[in-house]
Amino acid sequence: MRKFKGIAESLGTGLSHEETLLLLNAGYDVNGIAETKGIKPRTVYSHIVSLIRQDKLTDFSAIITREQYMRVMTVARENPDGMWDILNSEMPDGLPSVALAISDFLLRQKEK
């Protein structure tokens, strides 16, 4: 079990996504979360995608810039087959998946 600054008790095992959310809410960035938890930033982005899909994370401003989001959407529209090759050379591994999850989230919100 891991202990984080500001948390008196250890969090149970199997709560990695919730730990990520807790650290995001505490102001940690992706690299800080990865370092604190001893995992790769790519894994943190994977947790973020899962949190967005579960509607547990609705503020993305600390994770991705508007410009990054728009770049992913543009490349996905213009070059869907080569999207991953293009974007993985431009931004952190895992960030394009976050943008796509945000797009899905926004579509779900419009349907409500």
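Rundown of residues vs (1) open to solvent by 50 Å² or more (accessible area, probe 1.4 Å); (2) out of contact with any Asp or Glu (no Cβ under 8 Å at 6 or more places or on another chain); (3) under 17 Å from Val30 (Cα atoms); (4) at pLDDT 95 or above, yes/no style:
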{"site": "Tyr69", "(1), (2), (3), (4)": "no, yes, yes, yes"}
{"site": "Val75", "(1), (2), (3), (4)": "no, yes, no, yes"}
{"site": "Asp93", "(1), (2), (3), (4)": "yes, yes, yes, no"}
{"site": "Glu111", "(1), (2), (3), (4)": "yes, yes, no, no"}
Only one of these conditions is not met by Thr58: (1) within 11 Å of Ile102 (Cβ to Cβ); (2) among the hydroxyl-bearing types (Ser, Thr, Tyr); (3) more than 16 Å from the chain's Cα centre (by Cα). Which number is it?
(3)
Pairs, please: C-beta under 9 Å, at least 6 apart or cross-chain, first residue open to solvent by 60 Å² or more (accessible area, probe 1.4 Å) and in region 41-57, second part of a helix (DSSP H, G or I) and among the acidic types (Asp, Glu)?
Arg53/Asp104; Lys56/Glu18
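The values are calculated or read from the model by the stated rules, or taken from the named source; none is laboratory data. For clarity, every value in this text was computed on a predicted model and none was experimentally measured. A quick note on method: Cβ atoms are made from the backbone with ideal geometry, for glycine too, and the neighbour counts reach across all protein chains shown. Ligands, DNA and RNA are excluded from the accessible area calculation, which covers all protein heavy atoms including side chains. Shrake-Rupley method; radii C 1.70, N 1.55, O 1.52, S 1.80 Å.
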